Structures are given as C-alpha cells and as structure tokens.
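Here the structure comes first, spelled out in structure tokens, and everything after it is commentary.
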Amino acid sequence: MRSKLKRKSFFVDEGELREARLALGAHTDAEAVRGALREMVRMRALWRFMQRTGGTLPRGSFSTP
C-alpha cells in the first residue's frame, strides 16, 4: 500500500538524524525520517497490544526460531 506523500519543512537535530540513518540503515535523510515514522507507528501498535493483553502473550501464540 502506497501512502500519499506531503512536503514538509521543519528543523531537525542533525545528530539525531544521523543516528536514525545508522539505526535504520537509511541512505538518505528523507528515508530515515520516513523509516522513523513507520517505526513509531509500529511501536504504538505494539504498545496498544501489550496494554490490551496485560503484557502477556498466550502460550503458543508465537514460535521461536
């Protein structure tokens, strides 16, 4: 699914942007920002799931490698 992109203009901390690029393996600043936003959305979904389940997973709900 492709999202609609919108141009934004804002200030960012260059050190944090550099760290985000390294952590995400991003090649560009824009890729790092988009990746960081995706990761925050994913983390919020995980947080909401953990709140709903009381921080526990039912036995057999996942397999280990």
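What to note about this one:
- Calculated FRET efficiency for the pair LEU17/ARG44, C-beta based, R₀ 25 Å, to 0.05: 0.75
- Once the Cα atoms are used to define both axes, helix 14-24 deviates from the longest principal axis of the chain by about 50 degrees.
- Within the accessible area of the chain (1.4 Å probe), percent carbon and sulfur: 57 percent
- Ligands, DNA and RNA excluded, the heavy atoms of GLU19 present near 120 Å² of accessible surface to a 1.4 Å solvent probe.
- Loop-located chymotrypsin sites (Phe, Trp or Tyr not before Pro) in the stretch 14-65, at most 12 other Cβ atoms within 10 Å (DSSP): PHE62
- Once the Cα gyration tensor of the chain is diagonalised, semi-axes √(5λ) in Å: 31, 15, 13
- Here the chain is treated with +1 on each Lys and Arg Cβ and -1 on each Asp and Glu Cβ, and its dipole about the Cα centre works out to around 560 debye.
- To the nearest 10, the accessible area of ARG38 is 150 Å² with a 1.4 Å probe.
- Options GLN51, VAL33, SER9, ranked by Cα towards positive dipole end of the chain, top entry (Cβ charges): GLN51
- A 1.4 Å probe run over the stretch 11-65, with the rest of the protein chains in place, finds 93 Å² accessible per residue.
- Value at 222 nm in deg cm²/dmol, rounded to 500, when DSSP H runs of n ≥ 4 in the chain each add -39,500 (n - 2.57): -19000 deg cm²/dmol
- Angle in degrees between helix 29-53 and the longest Cα principal axis of the chain, rounded to the nearest 10: 20 degrees
The values are calculated or read from the model by the stated rules, or taken from the named source; none is laboratory data. Note that the structure is predicted; figures quoted are calculated from it, not measured. Note that each Cβ is placed from the backbone with ideal geometry, even for glycine, and that neighbours are counted across all protein chains shown. Ligands, DNA and RNA are stripped out before the accessible areas are found, and what is left, the full protein with its side chains, is counted by its heavy atoms. Shrake-Rupley method; radii C 1.70, N 1.55, O 1.52, S 1.80 Å.
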